[in-house]
Amino acid sequence: MFRKVLQDIMKMPYYKNYAAESGAVHNISNHEGAIEDVLKRNGFSEIEKTKDCLKKNKELWIKQPDICSIPINSFISQPFGTHENPDFLVRVGQHRLIPIEAKSSEDFKPLYNSGGIKPNYIYVFSSKKANSTTIYKGSDIISFEAYKVIEDLIREQKKLEFAANEKLKELDVYHRGISYYTRPMIGQSGDKTFTNYFTHEHREKCEQNVLDLFQ
């Protein structure tokens with residue numbers, strides 16, 4: 001059932017994220033709406049956010065789906081808000097809760113912003129230049145070791161940020177409340193052999209790895 005969802009998603013044209021117009025079929029105006037449409041057409045029901053669907057429970061739910069309050073064959077869109085990942089939590093069975101993150105870009109590669117790249121997420125990336133959609137696991141584009149380097153760096157930056165803001169409070173002689181905020185940005189560099197998700201040598205393997213999760 002969910003394998004068919006993924007196969008249909010891979011057939012989608014380009015959609016922008018959120019409420020930007022795309023001019024695509026079914027009068028769907030954004031990427032998230034297109035994914036919702038595919039889920040519903042394949043028998044998944046959208047439900048309202050449950051009371052215990054909280055950011056603090058996110059990782060626990062993903063690791064232990066048995067305690068999740070989302071019914072089987074249903075999903076929550078934007079479970080933790082529009083600025084917090086993932087974009088969807090989909091319950092595909094008693095023991096499986098799938099986090100899906102929707103990415104959309106005019107380029108051949110997405111931008112991950114402060115959300116980073118989560119190894120246990122399924123990503124759905126829509127490109128305007130390719131007018132196409134691809135899927136992949138976070139763990140297929142970043143190793144656990146590389147992920148940990150970034151997480152450790154963010155942790156150290158937060159410590160430095162806290163210390164600097166404490167000093168800024170002490171030096172705020174004009175009573176303006178000036179503070180500093182560090183926003184992580186995860187980018188990709190190199191030629192198209194590194195950054196083009198649609199011609200990359202591992203594209204088909206990455207897509208198949210996602211499909212193979214749902215035999």
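The values are calculated or read from the model by the stated rules, or taken from the named source; none is laboratory data. What you see is a predicted model, and the numbers here were worked out from it, not measured in a lab. Reconstructed Cβ throughout: ideal geometry from the backbone, glycine too, with neighbour counts over all protein chains shown.
Given ILE150, ILE178, ILE135, ILE117, which one is among the β-branched types (Val, Ile, Thr), at pLDDT 95 or above and under 21 Å from GLU101 (Cβ atoms)? After applying the criteria, what remains is ILE135.
Kindly indicate whether GLN157 is touching a Ser or Thr at 6+ places or on another chain (Cβ under 8 Å), without any contact (Cβ under 8 Å) to a residue 60 or more places away in the chain and either over 28 Å from MET1 (Cα atoms) or in a helix (DSSP H, G or I) (or both). So GLN157 passes the test. In the set (1) surrounded by 11 or more Cβ atoms within 10 Å (Cβ to Cβ); (2) hydrophobic (A, V, I, L, M, F, W, C); (3) over 21 Å from ASN113 (Cα atoms), ILE186 fails one condition alone, (3).
Of the helices (runs of 4 or more DSSP H) that lie entirely inside segment 1-91, those containing 2 or more residues that are among the β-branched types (Val, Ile, Thr) and either modelled with pLDDT under 85 or at negative phi (or both) span 2-9, 31-41.
Screening segment 189-215 for residues that are in a helix (DSSP H, G or I) and among the charged types (D, E, K, R) and picking the one that is nearest to GLU106 (Cα to Cα) gives LYS192. Annotation note: Cβ proximity below 7 Å between a residue of segment 8-20 that is closer than 7 Å to THR133 by Cα and a residue that is at pLDDT 95 or above and among the charged types (D, E, K, R) (sequence gap 6+ or interchain) occurs for MET10/GLU207.
Here's the yes/no breakdown for (1) polar (S, T, N, Q); (2) under 14 Å from TYR15 (Cα atoms); (3) buried (at least 17 other Cβ atoms within 10 Å of the Cβ):
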{"position": "ASN131", "(1), (2), (3)": "yes, yes, no"}
{"position": "TYR136", "(1), (2), (3)": "no, no, yes"}
{"position": "SER139", "(1), (2), (3)": "yes, no, no"}
{"position": "SER143", "(1), (2), (3)": "yes, no, no"}
{"position": "GLN157", "(1), (2), (3)": "yes, no, no"}
{"position": "GLU161", "(1), (2), (3)": "no, no, no"}
{"position": "ALA164", "(1), (2), (3)": "no, no, no"}
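Out of the residues in segment 108-121 that are in contact (Cβ under 8 Å) with a residue 40 or more places away in the chain and touching a helix residue (DSSP H, G or I) at 6+ places or on another chain (Cβ under 8 Å), state the one that is surrounded by the fewest Cβ atoms within 10 Å (Cβ to Cβ). Residue satisfying both the conditions and the ranking: ASN120.
Kindly indicate which of VAL92, VAL124 is in contact (Cβ under 8 Å) with a residue 60 or more places away in the chain and touching a Ser or Thr at 6+ places or on another chain (Cβ under 9 Å).
VAL124
Please enumerate the residues belonging to segment 92-135 that are more than 20 Å from ALA146 (Cα to Cα), assigned to a loop (DSSP other than H, G, I, E, B) and of a type in the set (Lys, Arg). Hits for segment 92-135 are LYS128, LYS129.
Checked against the criterion of being of a type in the set (Lys, Arg) and outside any loop (DSSP other than H, G, I, E, B), segment 172-188 has no qualifying residue.
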